[in-house]
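Engineer: What follows is a single structure, and I will ask about it in a moment.
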Amino acid sequence: MRLLLASAALLAAGVGAVAAQDAVRTGPAAPELAEGKAVYAHWCAPCHAAEPSLPGTMSLAAKYDGSDIPAALEDRTDLSAPVIGVFVRNGVAWMPPFRPTEISDAELAQLSAYLTAPLEDRGAHTPLLADEMVQLHGGSSE
Ligand code: HEC
């Protein structure tokens, strides 16, 4: 009986955690994160959005297979501004480096603020660009 109660409690906790995850990823980002989210949507989401077939998301899914680090950058809580800066300015694998004429230092700071903010402040996942959706899903609306 004790065991049964314990597993029922665990199950309830698990269901709660899933619901909480869903609940936090809706709506717009907190106002102070809007600029950074726009930078992310323009420069990063085409490779890193929460869509498994994108190059960045696919590579990171392989890299972190078996760990609890999520594949989509927008779901990460382990990144820091210095780490993001190194990758953005230097690139890695197929990821190109971004020059300050493309992403200014101010925009990089906003981008980093967005990617390091508490999940519940980030709002809904950044949608893919419309034409990428057509390419990926043959025009079907998901
Ligand atoms: C052309 C596609 C592409 C674009 C655009 C791109 N990335 Fe990447 N990014 C990748 C790939 C591929 C990797 C994974 C390389 C690997 O397997 O280690 C990666 C890796 C990373 C990593 C390392 C994560 C880790 O844990 O190893 C960070 C951080 C990152 N990208 C941030 C960004 C940011 C921020 C932007 C937007 C400014 C961006 N990327 C734009 C393709 C891209």
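The values are calculated or read from the model by the stated rules, or taken from the named source; none is laboratory data. Keep in mind that what you see is a predicted model, and the values were worked out from it rather than measured. Cβ atoms come from the backbone with ideal geometry, glycine included; neighbour counts cover every protein chain shown.
Engineer: Which one is surrounded by the fewest Cβ atoms within 10 Å (Cβ to Cβ) among residues in segment 46-68 that are within 11 Å of the chain's Cα centre (by Cα) and more than 7 Å from the ligand (Cβ to nearest atom)?
Structural biologist: Per the criteria, the residue is A50.
Engineer: Still on this structure, I have one more. Based on what the data block shows, is Y40 among the aromatic types (F, W, Y), modelled with pLDDT of 95 or more and touching a helix residue (DSSP H, G or I) at 6+ places or on another chain (Cβ under 9 Å)?
Structural biologist: yes
Engineer: Quick test for you: out of V15, V24, pick the one residue that is surrounded by 10 or more Cβ atoms within 10 Å (Cβ to Cβ), within 15 Å of the chain's Cα centre (by Cα), farther than 28 Å from G138 by Cβ and at pLDDT below 95.
Structural biologist: Just a single option satisfies the conditions, and that option is V24.
Engineer: Quick check on segment 89-124: of everything there that is within 12 Å of the ligand (Cβ to nearest atom) and on the phi > 0 side of the Ramachandran plot, which residue is surrounded by the fewest Cβ atoms within 10 Å (Cβ to Cβ)?
Structural biologist: A93
Engineer: In addition: For A72, indicate whether it is under 13 Å from the mean Cα position of the chain (by Cα) and touching a residue at least 24 places away in the same chain (Cβ under 8 Å).
Structural biologist: yes
Engineer: Further question on the same structure: Quick one: would you say L79 is assigned to a loop (DSSP other than H, G, I, E, B) and either near the ligand (Cβ under 8 Å from one of its atoms) or in contact with a strand residue (DSSP E or B) (Cβ under 9 Å, 6 or more places away or on another chain) (or both)?
Structural biologist: Criteria met by L79.
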